[in-house]
Amino acid sequence: MPGERKFGQDHDHYDWSPIINRPVLRWPNNARVALCVIINLEYFDWDMPADTPTPVSPVAGSMGGGGIGSGVGPFPNIAGYSQREYGNRVGVFRVLKVLDKYGIKPTVAMDKTIAENYPFLVNECKNRDVEFIAHGTTVRNIIHTGMSEEEERAYIHESIEALAKATGKQPIGWSGPEFQESMNTPNLLAAEGIRYVCDWGNDEQPYKMNVKEGELFSLSVNLDLDDSFIHLNGGRLINEYEQIIRDEFDGLYVDGVSTGRMMVINLHPWVIGQPWRIKYLDQALAHISGYGGVWNASGQEIIDWYKDNS
């Protein structure tokens with residue numbers, strides 16, 4: 001029997017809001033674009049139990065992430081693990097060097113396993129006074145509909161607490177591994193003290209979500225600006241990455257005259273931190289940095305400003 005349909009959205013996580021009907025949003029110093037750069041530091045399990053759901057998402061596809069095999073069952077995915085580990089031991093330092101060059105302080109999405117086992121990376125980020133946001137337990141152990149509400153609550157809680165213990169500060173932001181959520185996730189995040197989530201890539205401004213307790217805002221990560229999605233799923237040439245970032249910024253900068261826009265660049269060091277790719281991030285950021293009217297901000301700074309000025 002087909003499900004019942006009614007006029008409007010399929011969920012009530014947020015209210016539908018066309019951007020042309022909203023009050024004008026102004027960023028600090030009347031900036032046209034709020035720029036947030038997110039670095040994802042995540043652990044790839046090389047061996048998964050046979051009954052583990054295989055991630056299926058716009059980023060991971062059906063291959064379990066890393067682009068090489070699922071690694072579920074008797075064949076550990078050493079190649080996929082090594083790709084991710086490259087980012088944590090080599091690529092991330094190239095990315096940080098480029099961001100330092102332009103005075104951009106990233107927001108770091110760090111999962112539980114990295115937080116607990118890579119103190120050098122934690123300290124490298126803490127030395128830059130970055131904002132840390134929770135990022136699940138590992139990139140392959142994701143939220144899925146087979147989880148009970150209690151299982152998901154425990155998953156979220158342990159992810160947040162591990163990061164808080166490692167960094168000394170309770171995170172208020174969340175980026176789900178592979179952008180995956182259940183219908184319970186927004187309410188569970190808000191109940192744990194999370195104030196913004198990056199999984200809903202449907203806007204160029206923050207917006208408030210509807211939750212049962214606490215408060216929750218969306219800081220949209222546009223998949224078209226995700227390096228993994230661009231290169232691995234989109235199959236774009238590496239020099240096209242720079243052009244995509246430049247063109248996106250140019251369009252937002254023009255539209256930002258009438259009302260403030262937001263640009264979130266999502267980076268994976270195992271992808272963009274490769275020596276043959278990093279210069280295109282450098283060149284894209286050089287283009288952006290050549291303009292006035294750009295506010296380099298953390299996720300929390302954007303959400304706090306939006307809450308107080310919208």
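So which residues in segment 220-262 are among the acidic types (Asp, Glu) and out of contact with any Phe, Trp or Tyr (no Cβ under 8 Å at 6 or more places or on another chain), if there are any at all? Selection gives Asp224, Asp226, Glu240, Asp247, Glu248, Asp250, Asp255.
Considering each of Asp51, Asp10 in turn, give the residue that is under 30 Å from Lys307 (Cβ atoms), in a loop (DSSP other than H, G, I, E, B), more than 22 Å from the chain's Cα centre (by Cα) and at pLDDT below 85. Among Asp51, Asp10, only Asp10 is under 30 Å from Lys307 (Cβ atoms), in a loop (DSSP other than H, G, I, E, B), more than 22 Å from the chain's Cα centre (by Cα) and at pLDDT below 85. Quick one: would you say Ile160 is crowded, with 19+ Cβ neighbours inside 10 Å, of a type outside the set (Phe, Trp, Tyr), touching a helix residue (DSSP H, G or I) at 6+ places or on another chain (Cβ under 6 Å) and assigned to a helix (DSSP H, G or I)? Judged against the criteria, Ile160 is not a match. Pairs needed: first member in segment 209-237, touching a residue at least 24 places away in the same chain (Cβ under 8 Å) and in a loop (DSSP other than H, G, I, E, B); second member anywhere, surrounded by 20 or more Cβ atoms within 10 Å (Cβ to Cβ) and of a type in the set (Lys, Arg); C-beta distance under 7 Å; at least 6 residues apart or different chains. Here the result reads Glu215/Arg195, each pair linking segment 209-237 to a residue that is surrounded by 20 or more Cβ atoms within 10 Å (Cβ to Cβ) and of a type in the set (Lys, Arg).
The residue pairs whose first member lies in segment 76-104 and is over 15 Å from Leu121 (Cβ atoms), whose second member is of a type in the set (Ser, Thr, Tyr) and assigned to a helix (DSSP H, G or I), and whose beta carbons are closer than 6 Å, counting only pairs six or more residues apart or on different chains, are Tyr102/Ser289. Here is a check on your reading of the model: is Glu242 over 24 Å from Ile272 (Cβ atoms) and in contact (Cβ under 8 Å) with a residue 12 or more places away in the chain? When the stated conditions are applied, Glu242 does not pass them.
Tell me which residues, restricted to segment 244-263, are among the aliphatic types (A, V, I, L, M), buried (at least 19 other Cβ atoms within 10 Å of the Cβ) and touching a helix residue (DSSP H, G or I) at 6+ places or on another chain (Cβ under 7 Å).
The answer is Ile245, Met262, Met263.
For segment 206-240, filtered to residues that are modelled with pLDDT of 95 or more and in contact with a Lys or Arg (Cβ under 7 Å, 6 or more places away or on another chain), the residue that is surrounded by the fewest Cβ atoms within 10 Å (Cβ to Cβ) is Glu215. For segment 119-157, the candidate set comprises residues that are among the β-branched types (Val, Ile, Thr) and assigned to a loop (DSSP other than H, G, I, E, B); within that set, the residue that is surrounded by the most Cβ atoms within 10 Å (Cβ to Cβ) is Val139.
Just checking, does segment 144-164 include any residue being touching a Pro at 6+ places or on another chain (Cβ under 8 Å) and modelled with pLDDT under 95? Yes, because at least one residue in segment 144-164 is touching a Pro at 6+ places or on another chain (Cβ under 8 Å) and modelled with pLDDT under 95.
Whenever a residue of segment 267-295 is of a type in the set (Gly, Ala, Ser), its partners that are crowded, with 21+ Cβ neighbours inside 10 Å and assigned to a loop (DSSP other than H, G, I, E, B), lying with C-beta atoms within less than 7 angstrom and at least six residues away or across chains, give the pairs Gly293/Arg32. For Met262, the conditions (1) outside any helix (DSSP H, G or I); (2) touching a residue at least 60 places away in the same chain (Cβ under 8 Å); (3) closer than 23 Å to Arg89 by Cβ are fulfilled apart from (3). Each residue in segment 67-109 was checked for being of a type in the set (Phe, Trp, Tyr), outside any helix (DSSP H, G or I) and either at pLDDT below 95 or farther than 19 Å from Gly299 by Cβ (or both), and 1 pass.
The values are calculated or read from the model by the stated rules, or taken from the named source; none is laboratory data. On a predicted model such as this, the values are computed, not experimentally measured, just so you know. FYI the Cβ positions are ideal-geometry reconstructions off the backbone, even for glycines, and counts take in every protein chain you see.
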